[in-house]
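Asks: One structure coming up, written as structure tokens, with questions to follow.
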Amino acid sequence: MGQEEIDRFLEYLRENKDRLLMVGGMPLPELIAYAASLGFHFTAEELKARQALVHLVEGT
């Protein structure tokens, strides 16, 4: 379920560039708390796993 929540959160952020820029500099715990305050629930581990997968797929 966490990955689906991350997808939903990213879509929410993409809808407004200011929101996307705001979270870009947030420390991970603050980002997780911000997402949770908006109703998106996922763990730091799920977010890190998602980031690792993206880097693997993109070759970065």
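Asks: When you check Glu46 against the structure, is it within 10 Å of the chain's Cα centre (by Cα) and among the acidic types (Asp, Glu), yes or no?
Replies: On the way: within 10 Å of the chain's Cα centre (by Cα): yes; among the acidic types (Asp, Glu): yes.
Taking the combined requirement at face value, the residue satisfies it.
Asks: Within the set of pairs 6 or more residues apart or between chains, which connect a residue that is of a type in the set (A, V, I, L, M) inside region 1-13 to a residue that is outside any helix (DSSP H, G or I) and surrounded by 13 or more Cβ atoms within 10 Å (Cβ to Cβ) with Cβ atoms less than 7 Å apart?
Replies: What qualifies is Ile6/Phe42.
Asks: Could you list all residues from region 1-53 that are hydrophobic (A, V, I, L, M, F, W, C) and open to solvent by 90 Å² or more (accessible area, probe 1.4 Å)?
Replies: Of everything in region 1-53, those that are hydrophobic (A, V, I, L, M, F, W, C) and open to solvent by 90 Å² or more (accessible area, probe 1.4 Å) turn out to be Met1, Leu21, Met22, Leu53.
The values are calculated or read from the model by the stated rules, or taken from the named source; none is laboratory data. Given the structure is predicted, the values throughout are model-derived calculations rather than measurements. We place every Cβ from the backbone using ideal geometry, glycine too, and count neighbours over all the protein chains shown. The area values use the complete protein model at the heavy-atom level, side chains included, leaving out ligands, DNA and RNA. Shrake-Rupley method; radii C 1.70, N 1.55, O 1.52, S 1.80 Å.
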